[in-house]
Amino acid sequence: MARKYEVVVIGAGPVGATALAMLGHAGISAIGIERETEPWPFARAVHFDGEILRLLQSIGLADKVFAHCRPMCDFRMVDQADETLIAHVTGQLGAQAWPDQVLFHQPNIEPVLRAEIERLPSVELRIGTQMLEFSQDSDGVNCVIETPDGATEVITGRWLLACDGATSSIRRQLGVQTEKLGSDDPWLIVDGILHDSAGIPGDMVFIGHYTRPALWVRLPGERVRMEFKVMPGDDPEEIVTPEGIARLSSGILNVDKFVPDRVAIYTFRARLAEQWRIGNIFLAGDAAHLAPPLFGQGLCAGMRDIVNLVWKLRLVARGLADNSLLDTYESERKEHARYWVSQAANMARLLQTTDPEVAKGRDDHIRANPTESLPPRPPLGPGLHDGGHDKRAGVLSEQPTLDDGRRLDDLVGHRFLVATAPDLLAGLTRDLTARIAASPEVVVISDPAIVGPLLASSGAGAVCVRPDRYVLGAADDAAALEALLNKVPTLAPTAASV
Ligand SMILES: Cc1cc2nc3c(=O)[nH]c(=O)nc-3n(C[C@H](O)[C@H](O)[C@H](O)COP(=O)(O)OP(=O)(O)OC[C@H]3O[C@@H](n4cnc5c(N)ncnc54)[C@H](O)[C@@H]3O)c2cc1C
């Protein structure tokens, strides 16, 4: 049966909207279905890391998004006595050629994604439209949707992306269970506008008071966010009142300095869906994973899901890779997401302790190990890369900034990058050299002025970087590079005849 769209995306929160924009840039026909008529007007996420700006760079949106961001240059943590435990002050560009951490007001970001979807001819977004039910067979998916006038319609696609959020009805209907990786904890979120100097050093401050754990964040413009652990004995109806907020924020940011414009209690959860691919359906974003927002990684993880999946969908849709490539979405992304969900859950447990002894142990540990404030970046789970036996592979590559100010990815686009020393390139067989020359999916760069820093950071004579900027593998001689490049789906000897 011919399906109308290659991809149906259910949900156009930030993850579904990113999926549509990326699918549009990949030239894949896709439709998005979103039941709300406007993006959610209130901020949840406030933080991206440099990898997310880099992935937005791949679709030409990084500068537009960055215009709404404030680099996070000063991260702190204080103890019960407000003594500084961590003061991590940066300001340099990071390894992704963007600041390592940025802060933003989410309602400023989603319109950038929506505008991009409108601009792209192969994708469309239908708002005020709800998916009611779906089915799938071996060829694709059928979705029954309810249009804004109450009529029902069936839309068909080869694949379905479930970007329908934490309560994903698609995940539930598929019977996919979630693994619980931490406790469920209610926190009060207070967003507001400063009208006086905050008087607090730092862009983000973890307030390790065991009497009331809290977080303070300085957002762009005059915006601030505070988060307070909801304690046993709190009256949930009282703590959201102006009096309640005045009481909780006293000593951190007194209410005479800001005007709250959003107050809500969220329950922070740590969950991982047990399956991410079910036939032609892929779970992504909060539908697949939920992390307490202490490292600000929930949405980052959702956007990584999309960048990991879209290049694979594109190659399979164009007949350039086998359908089994799509299995690597779950195997690679699930373990990566597990790492951040677990780290955030552990951090949540430590940060929000109300036990003075545990807080003291935590603070003593931090004093003794002041550089441990951010965990190292995890590798992908097993999949299409050599990470199982080579630590240089399966990890996010660095992005050098070139002498002329351009960033490396701008030369690479959506292709595989072969960054190599000239002598390794010269040692490849004629057959492989011909296949590389014939493939529009691969770019080879051997100019040391361009790829020297990338090779130096990888400690290799050559690296192959996938379209999602993760390292497929590294090589130290021509024979190893030959073997590595034969793993690129579009260069595999059998793919040459497709
Ligand atoms: C207080 C808080 C702070 C956070 N801070 C950060 C942070 O700093 N950094 C970070 O990276 N992450 C952060 N997160 C996490 C981040 O907000 C989420 O991971 C992210 O918003 C999830 O996006 P999503 O698109 O997957 O889901 P959602 O934004 O929930 O979008 C799902 C969409 O699907 C639609 N939908 C659902 N069902 C249907 C249907 N049947 N038919 C049609 N449409 C449907 C919904 O209307 C909705 O628009 C934070 C979360 C919270 C709660």
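Checking A475 against (1) surrounded by fewer than 22 Cβ atoms within 10 Å (Cβ to Cβ); (2) free of Cβ contacts under 8 Å to residues at least 60 places away in the same chain; (3) in contact with a helix residue (DSSP H, G or I) (Cβ under 8 Å, 6 or more places away or on another chain), which test does it fail? (1) is the only condition that A475 fails.
Checking E116 against (1) more than 14 Å from the ligand (Cβ to nearest atom); (2) among the acidic types (D, E); (3) in a loop (DSSP other than H, G, I, E, B): exactly one of these is not met. Which one? Every listed condition holds for E116 apart from (3). Filtering the range 424-431 for residues that are free of Cβ contacts under 8 Å to residues at least 40 places away in the same chain and either touching a His at 6+ places or on another chain (Cβ under 7 Å) or hydrophobic (A, V, I, L, M, F, W, C) (or both) leaves an empty set.
Scanning the range 211-232 for residues that are under 12 Å from R70 (Cβ atoms) and more than 22 Å from the chain's Cα centre (by Cα), we see that the one that is farthest from the ligand (Cβ to nearest atom) is E222.
Any chance you could count how many residues in the range 210-226 are touching a residue at least 60 places away in the same chain (Cβ under 8 Å) and either surrounded by fewer than 21 Cβ atoms within 10 Å (Cβ to Cβ) or outside any loop (DSSP other than H, G, I, E, B) (or both)? Write out each step before concluding.
Looking only at the range 210-226, we keep the residues that are touching a residue at least 60 places away in the same chain (Cβ under 8 Å), and these are 210-211, 213, 215, 217-221, 223, 225.
The next check asks that each one be either surrounded by fewer than 21 Cβ atoms within 10 Å (Cβ to Cβ) or outside any loop (DSSP other than H, G, I, E, B) (or both); those that pass are 210-211, 215, 217-218, 220-221, 223, 225.
Going through the range 210-226 one residue at a time, the tally reaches 9.
Quick check on this structure: which one of I207, I239 is in contact with a strand residue (DSSP E or B) (Cβ under 7 Å, 6 or more places away or on another chain), surrounded by fewer than 22 Cβ atoms within 10 Å (Cβ to Cβ), outside the structural domain of T353 (by TED's automatic domain parsing) and within 28 Å of A345 (Cβ to Cβ)? Exactly one of I207, I239 is in contact with a strand residue (DSSP E or B) (Cβ under 7 Å, 6 or more places away or on another chain), surrounded by fewer than 22 Cβ atoms within 10 Å (Cβ to Cβ), outside the structural domain of T353 (by TED's automatic domain parsing) and within 28 Å of A345 (Cβ to Cβ), namely I239.
Count of the range 79-136 residues, restricted to those that are more than 28 Å from I31 (Cα to Cα), acidic (D, E) and exposed (fewer than 15 other Cβ atoms within 10 Å of the Cβ), is 2. Just for the range 24-47: of the residues that are away from the ligand (no atom under 15 Å from the Cβ) and in contact with an Asp or Glu (Cβ under 6 Å, 6 or more places away or on another chain), which one is farthest from I306 (Cα to Cα)? By that ranking, first place goes to S29.
Identify all residues within the range 9-23 that are closer than 14 Å to V310 by Cβ and either within 13 Å of the ligand (Cβ to nearest atom) or surrounded by fewer than 22 Cβ atoms within 10 Å (Cβ to Cβ) (or both); write none if there are none. Across the range 9-23, the qualifying residues are V9, V15, G16, A17, T18, A19, L20, A21. Among the residues making up the range 48-87, those that are away from the ligand (no atom under 16 Å from the Cβ), under 22 Å from Q399 (Cβ atoms) and touching a residue at least 60 places away in the same chain (Cβ under 8 Å) are Q57, S58, C73. Considering only residues that are farther than 26 Å from N308 by Cα and touching a strand residue (DSSP E or B) at 6+ places or on another chain (Cβ under 7 Å), look in the range 413-445 and name the one that is surrounded by the fewest Cβ atoms within 10 Å (Cβ to Cβ). Among those residues, the one meeting the criterion is L425.
Applying the set (1) at negative phi; (2) in a loop (DSSP other than H, G, I, E, B); (3) under 19 Å from the mean Cα position of the chain (by Cα) to G60 leaves exactly one unmet item: (1).
The values are calculated or read from the model by the stated rules, or taken from the named source; none is laboratory data. Model, not experiment: these values are computed from the prediction. Cβ sites come from the backbone with ideal geometry, for glycine too, and all protein chains shown count toward neighbours.
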